[in-house]
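The structure appears below as structure tokens.
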Amino acid sequence: MPVDDLPVNRFPIQVGFSVSNRKFPRATDRNRVKRLSREAWRLQKQELHDKLSIQSRKLAVFLIYTDKNIAPFSTIQGKISVILKKLAATGEPPAPPTATHS
């Protein structure tokens, strides 16, 4: 369903998660990372959800897990927290980290 067709007060945020098939060839590992990420998002989304509802705004977010190892839940939760705080503060996604070449 297009983002514009969703009721604002019920679904102001759509979120998706992706994990690389190349970095995690086993589906169980990919599913674990996505499960941990979804849970971290679920536990912390309320502030952003409330802000978007008040402003009658909608947001679609897609997060891509790029690490080569399965991080502990506390690490994933911390990174999701940073993303949510930046989204709540600006309403725009945070800029991706820039690669440094030597």
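The values are calculated or read from the model by the stated rules, or taken from the named source; none is laboratory data. All values reported here derive from a predicted model rather than from experimental measurement. Ideal geometry is used to build each Cβ from the backbone, glycine not excepted, and the neighbour counts take in all protein chains shown.
Against the list (1) modelled with pLDDT of 95 or more; (2) within 15 Å of the chain's Cα centre (by Cα), the condition SER81 fails is (1).
Residues that are surrounded by fewer than 11 Cβ atoms within 10 Å (Cβ to Cβ), closer than 21 Å to LYS85 by Cβ and not β-branched (Val, Ile, Thr) within segment 22-69 comprise GLN46, PHE62, listed in sequence order.
Residues of segment 38-60 being touching a Phe, Trp or Tyr at 6+ places or on another chain (Cβ under 9 Å) and either among the β-branched types (Val, Ile, Thr) or outside any helix (DSSP H, G or I) (or both), which ones?
Step one: filter segment 38-60 for residues touching a Phe, Trp or Tyr at 6+ places or on another chain (Cβ under 9 Å), giving 38-41, 58.
Scanning segment 38-60 gives a single hit, LYS58.
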